[in-house]
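Down below is the structure, laid out as structure tokens.
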């Protein structure tokens, strides 16, 4: 009906900030990372995923989307030669997340397979300063009167309020802090994939769910303003378009509409490359589009890497 | 006339009828008739060999490698499908005879410089390595699963920190088997539930942490679930039935393999032994391949290393194979075929590595008529989640067809170990009986690189 992120913002009591937070920008601008040769490797890796990976002429999205993600993560992981603390990360696939909370007397719940989760041993330090957090008090959440904010949500009778990422991992798991969630829209048929706006809303809901579960584990179940905010990042892609998100949970007091709000920074619709041509397109015996990857944007890869390195650099 | 060499019998300008001027510097007359060769289309052995020669020339003259591969596998005929992971008895002997491979037990001796000295005391000292001085606590039999602090080693930079790697391996194992809540495994899909993800995690984290010591890993390409195919001819047979009955045909084989994980690199691994070495004998089996049992099918002849020819990472480094449920140890023990357990690992190693190295050689333009000028080396680890077997393969020859095998004395060589367990059991968040040997061998495999790097 209307953009999903606005609805998700209301449901999670969040204020939206466009662009990525300055901490992440700082990592991107840090020249010591040697991003030039990484660009070459990133181009090769995109070409591998999109062009070279299969014995058929062109790989399908179900194959190239996860392959591109694995290749990008492989390049990022190889940076742990330079930053040894990067090896304190672990990828977990197919983890199920469950979190419940109340918003103005409506009980909401997030459940489901939340894609691929990367955990780390150390939490991400808070991205927003104290002043910014206090400034969210004045921010008024957008309401959608007369449309109820729970429109398009499935109403279910919940008998057990499940509440932990401990649901996904047992106690004593050393990599206990959720770091980044990855969502791969890899369905072949376009109608089975989420549109960018819906994907961003899904990313926000799951990041919120993970952060809330972690906060409840760390600080108990009572709703209150958090002293140390919990930061969870999220990256969604369909193989070409990337959505980046950093979510900071400032408060678990979600019943009322005022007070401190949570913060989310979203950088949306970043293209990694313009077009990947497997066979050159020839019109009237003239090659109009040569084979290969064209329009590679190194900035998108830099953002991916910066979000990966965030918290250890 | 007396043969007195060229002599001027007549003054120049005068011709005498029936005598040609001997040794005159006139240009040699071009042959008046075309050379007499066998026909192309006749149904005769000479015509068959002439057709073969024309085909070979066409492939030699192909401009690009893709064109060469296309011509090489153009003709489709029924061929034997060779499965690297097979339950057939004594399959490794058969596979060695198909691929002209010599099996050498144990790992190849490497120069002392390429082996990483290890920081933990108690690791087996190899020749040429002094044990590392330093106060290390002796390794315990029980290793706690939570993050173990890496053992401090004096001057640790050139040395491999085995404690750190052990903790990484244990963390990966515990996450997959203990900490993550998963649903029950699907029927007969136990391998996808725990050992598969464990292997992926283990290799990716180990490769990432070893990339500072091995610059080749830093430019490597990691493939998950790639496809490796190779098609070749070996030996000859008579066609049994059909409209081509009675004709003599080469025996065709195709390997279609799906390793669990593979690492491809842009530079080739160094050779282990020189190209012409002879380290043993190739078994000769007098039966038809269908007795193994092997079955014939006709489909596309594919040659593929995991990505297309245009990829710069065109050489192989290491493959990781996961044995499926139907080949697990308990089944063999139940059927009282304990000696076939090792055969499974060996046949997987030999067939997969032969296919991979041969496809790499074809990507460089070599084929059975144009034999390799340098050996192609790759490594593989075959595992069922707990037991690991290591293989190293050196491809010395691609000439396996009936005509070319007579002229080439070279043999391919495969070094392989028996399967050893990495750990004993996982209980309550602890890994019991962790075997550092296996981890060390894995680390050695990953650190293998050309001498220049």
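Here is a yes/no grid of residues against (1) over 25 Å from residue B:348 (Cα atoms); (2) in contact (Cβ under 8 Å) with a residue 60 or more places away in the chain:
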position: B:243; (1), (2): yes, no
position: B:246; (1), (2): yes, no
position: B:253; (1), (2): no, yes
position: B:257; (1), (2): no, yes
position: B:265; (1), (2): no, no
position: B:272; (1), (2): no, yes
| note | Subset of the range A:223-248, residues more than 29 Å from residue A:46 (Cβ to Cβ) and in contact (Cβ under 8 Å) with a residue 24 or more places away in the chain, comes to A:223, A:224, A:225, A:226, A:228, A:229, A:230, A:248
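Which fully enclosed strands (runs of 3 or more DSSP E) of the range A:80-132 have 2 or more residues being closer than 24 Å to residue A:257 by Cβ and modelled with pLDDT under 80? Please lay out each step first, then the result.
Details: elements: A:89-93, A:96-103, A:106-113, A:116-120.
The qualifying strands (runs of 3 or more DSSP E) are A:96-103, A:106-113.
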| message | Looking at (1) closer than 19 Å to residue B:99 by Cα; (2) assigned to a helix (DSSP H, G or I), which one does residue B:283 not meet, given that it meets all the others? | response | (2)
| Which ones in the range A:52-70 are under 17 Å from residue A:185 (Cα atoms) and either within 21 Å of the chain's Cα centre (by Cα) or facing chain B (nearest Cβ under 9 Å) (or both)? | A:61, A:62, A:63, A:64, A:65, A:66, A:67, A:68, A:69, A:70
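Does residue A:97 meet the test of being touching a helix residue (DSSP H, G or I) at 6+ places or on another chain (Cβ under 8 Å), over 30 Å from residue B:309 (Cβ atoms) and surrounded by 19 or more Cβ atoms within 10 Å (Cβ to Cβ)? Walk me through it before giving the result.
Numbers: touching a helix residue (DSSP H, G or I) at 6+ places or on another chain (Cβ under 8 Å): yes; over 30 Å from residue B:309 (Cβ atoms): yes; surrounded by 19 or more Cβ atoms within 10 Å (Cβ to Cβ): yes.
Answer is yes for this residue.
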| field | Listing of helices (runs of 4 or more DSSP H) fully contained in the range B:159-238 that carry 3 or more residues being in contact (Cβ under 8 Å) with a residue 24 or more places away in the chain, more than 30 Å from residue B:411 (Cβ to Cβ) and within 10 Å of another protein chain (Cβ to nearest Cβ) | value | B:162-174, B:195-210
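Scan the range A:38-48 residue by residue and report those that are without any contact (Cβ under 8 Å) to a residue 40 or more places away in the chain and in contact with a helix residue (DSSP H, G or I) (Cβ under 7 Å, 6 or more places away or on another chain). Walk me through it before giving the result.
Filtering the range A:38-48 down to residues without any contact (Cβ under 8 Å) to a residue 40 or more places away in the chain leaves A:40-41, A:44-45, A:48.
Of everything in the range A:38-48, those that are without any contact (Cβ under 8 Å) to a residue 40 or more places away in the chain and in contact with a helix residue (DSSP H, G or I) (Cβ under 7 Å, 6 or more places away or on another chain) turn out to be A:41, A:45, A:48.
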| said: The conditions are (1) modelled with pLDDT of 95 or more; (2) within 14 Å of chain A (Cβ to nearest Cβ), and residue B:313 fails exactly one of them. Which is it? | reply: (1)
| So which of A:254, A:199, A:218 is over 22 Å from residue A:300 (Cα atoms) and in contact with a strand residue (DSSP E or B) (Cβ under 6 Å, 6 or more places away or on another chain)? | A:254
| field | Any chance residue B:290 is modelled with pLDDT under 95 and assigned to a helix (DSSP H, G or I) | value | yes
| request: Please verify whether the range A:31-41 includes one or more residues that are surrounded by 14 or more Cβ atoms within 10 Å (Cβ to Cβ), at the interface with another protein chain (Cβ under 10 Å from one of its Cβ atoms), modelled with pLDDT of 85 or more and not in a loop (DSSP other than H, G, I, E, B). | output: yes
| query | Taking the stated definitions as given, is residue A:93 without any contact (Cβ under 8 Å) to a residue 40 or more places away in the chain and in contact with a strand residue (DSSP E or B) (Cβ under 7 Å, 6 or more places away or on another chain)? | reply | yes
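Yes or no, residue by residue, for (1) surrounded by fewer than 17 Cβ atoms within 10 Å (Cβ to Cβ); (2) closer than 25 Å to residue A:189 by Cβ:
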| residue | (1), (2) |
| --- | --- |
| A:219 | yes, no |
| A:260 | no, no |
| A:275 | yes, yes |
| A:288 | yes, no |
| A:293 | no, yes |
| query | So which residues in the range B:78-93 are more than 16 Å from residue B:321 (Cα to Cα) and either without any contact (Cβ under 8 Å) to a residue 60 or more places away in the chain or surrounded by fewer than 23 Cβ atoms within 10 Å (Cβ to Cβ) (or both), if there are any at all? | reply | B:78, B:79, B:80, B:81, B:88, B:89, B:90, B:93
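Filter the range B:326-341 down to the residues that are surrounded by 16 or more Cβ atoms within 10 Å (Cβ to Cβ) and in a helix (DSSP H, G or I), then identify the one that is farthest from the chain's Cα centre (by Cα).
Checked the range B:326-341; the qualifying residue farthest from the chain's Cα centre (by Cα) is B:332.
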| query | If you check residue A:26 against the conditions, is it more than 12 Å from chain B (Cβ to nearest Cβ), surrounded by fewer than 19 Cβ atoms within 10 Å (Cβ to Cβ), more than 20 Å from residue B:219 (Cβ to Cβ) and touching a strand residue (DSSP E or B) at 6+ places or on another chain (Cβ under 7 Å)? | reply | no
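Inside the range B:49-70, can you point out the residues that are surrounded by 15 or more Cβ atoms within 10 Å (Cβ to Cβ) and assigned to a helix (DSSP H, G or I)? Don't jump to the end; show me each part of the working.
Taking the range B:49-70 first, the residues surrounded by 15 or more Cβ atoms within 10 Å (Cβ to Cβ) are B:50-51, B:55-56, B:59, B:62, B:65, B:68-69.
The answer is B:50, B:51, B:55, B:56, B:59, B:65, B:68, B:69.
Quick grid of which residues meet (1) modelled with pLDDT of 95 or more; (2) in a strand (DSSP E or B); (3) touching a helix residue (DSSP H, G or I) at 6+ places or on another chain (Cβ under 6 Å):
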position: B:355; (1), (2), (3): yes, no, no
position: B:359; (1), (2), (3): yes, no, no
position: B:371; (1), (2), (3): no, no, no
position: B:382; (1), (2), (3): yes, yes, yes
position: B:385; (1), (2), (3): no, no, yes
position: B:391; (1), (2), (3): yes, yes, yes
position: B:404; (1), (2), (3): no, no, no
position: B:409; (1), (2), (3): no, no, no
position: B:450; (1), (2), (3): no, no, no
| said: Can you say whether residue A:73 is more than 7 Å from every other protein chain (Cβ to nearest Cβ), under 18 Å from the mean Cα position of the chain (by Cα) and not in a helix (DSSP H, G or I), as far as the supplied structure shows? | reply: no
| request: Determine whether residue A:49 is within 11 Å of another protein chain (Cβ to nearest Cβ), under 20 Å from residue A:271 (Cα atoms) and either out of contact with any strand residue (DSSP E or B) (no Cβ under 6 Å at 6 or more places or on another chain) or buried (at least 21 other Cβ atoms within 10 Å of the Cβ) (or both). | output: yes
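The values are calculated or read from the model by the stated rules, or taken from the named source; none is laboratory data. All of these numbers come straight from a predicted model, not from anything done at the bench. Don't worry about glycine lacking a Cβ; one is built from the backbone with ideal geometry, like all the others, and counts go over all protein chains shown.
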